[in-house]
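The values are calculated or read from the model by the stated rules, or taken from the named source; none is laboratory data. These numbers were taken from a predicted model, which means no experiment stands behind them. Cβ sites come from the backbone with ideal geometry, for glycine too, and all protein chains shown count toward neighbours.
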Amino acid sequence: MKTITLMVAVLGLPLSSIAEEELSTQERVQKVEEYYRIAEKAYVDGDLVKTQQALQRSLALDPQHGPSYALAIKTRQNRSKFGIQARQKELAKVILAEVDFNELAFEDALRDLNDLIEQTTDGVVTPNLVLIDKNNSIKDKKITLTMKQVPATVVLDYVLNMAGARAKYDQYSITIRPVD
């Protein structure tokens with residue numbers, strides 16, 4: 001019971017959500033492996049909730065299952081990366097009907113792109129593009145770009161390349177800086 005409690009604490013899940021199933025030893029081993037595979041795939045896909053749920057089930061059936069235990073620790077340590085991956089995937093799903101930047105200053109192109117993404121998603125996706133240009137080396141670079149039916153990430157990549165900038169995603173914003 002200590003191991004189950006420990007893993008539940010590592011995953012940040014309530015102990016009451018663990019349900020013991022009445023299974024034969026062979027069925028239990030198969031279920032543990034099945035839940036572990038689901039957790040592993042969810043981890044790779046960046047789905048924190050699904051990863052935690054599958055690990056919870058796996059460890060409830062076998063608290064000594066080493067791979068599940070190790071993945072639970074890894075999940076806990078990399079928790080912030082899930083938000084970043086989710087942000088990147090969310091932005092990649094936004095298809096912009098039309099982008100038409102004609103000789104816009106880079107900082108204006110970023111502002112317009114941010115607004116366009118928000119409008120396209122009715123405010124569901126807010127990229128929060130933040131330009132950090134201490135030496136004012138890229139903010140005024142001119143951007144000309146016309147595209148139709150393209151993912152927002154593709155537009156952002158083109159705009160960044162034209163300005164000589166790079167992006168760093170975090171859980172709440174996308175920070176734009178000049179390329180070193």
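Of all positions in segment 40-59, none carries a residue that is touching an Asp or Glu at 6+ places or on another chain (Cβ under 7 Å) and hydrophobic (A, V, I, L, M, F, W, C). When Arg87 is tested against (1) modelled with pLDDT of 95 or more; (2) under 19 Å from Gly46 (Cβ atoms), exactly one condition is not met: (1).
Give Ala60, Ala54, Ala42, Ala70 a once-over and let me know the one that is of a type outside the set (D, E, K, R), at pLDDT 85 or above, exposed (fewer than 13 other Cβ atoms within 10 Å of the Cβ) and assigned to a helix (DSSP H, G or I).
When all the criteria are applied, what remains is Ala70.
One residue stands out in segment 27-58 among those that are of a type in the set (A, V, I, L, M, F, W, C) and more than 25 Å from the chain's Cα centre (by Cα): the one that is farthest from Tyr172 (Cα to Cα), namely Val29.
Against the numbered list (1) under 23 Å from Ile84 (Cβ atoms); (2) in contact (Cβ under 8 Å) with a residue 40 or more places away in the chain; (3) surrounded by 18 or more Cβ atoms within 10 Å (Cβ to Cβ), Asp170 comes up short only at (3).
Of all residues in segment 108-153, those satisfying the criterion of being surrounded by 15 or more Cβ atoms within 10 Å (Cβ to Cβ), among the β-branched types (Val, Ile, Thr) and outside any loop (DSSP other than H, G, I, E, B) are Ile117, Thr120, Val130, Ile143, Val150, Thr153.
For Gln119, are the conditions met, namely being within 22 Å of Asp47 (Cα to Cα) and not β-branched (Val, Ile, Thr)?
no
Residues in segment 153-174 that are over 20 Å from Asn78 (Cβ atoms) and of a type in the set (S, T, N, Q): Thr153, Asn161. Taken across segment 108-119, residues that are touching a strand residue (DSSP E or B) at 6+ places or on another chain (Cβ under 6 Å), of a type in the set (Val, Ile, Thr) and modelled with pLDDT of 95 or more do not occur at all.
Condition first: aromatic (Phe, Trp, Tyr), at pLDDT 90 or above, over 16 Å from Ile174 (Cβ atoms) and crowded, with 20+ Cβ neighbours inside 10 Å. Can you find one or more residues in segment 94-105 that meet it? For segment 94-105, residues aromatic (Phe, Trp, Tyr), at pLDDT 90 or above, over 16 Å from Ile174 (Cβ atoms) and crowded, with 20+ Cβ neighbours inside 10 Å: present.
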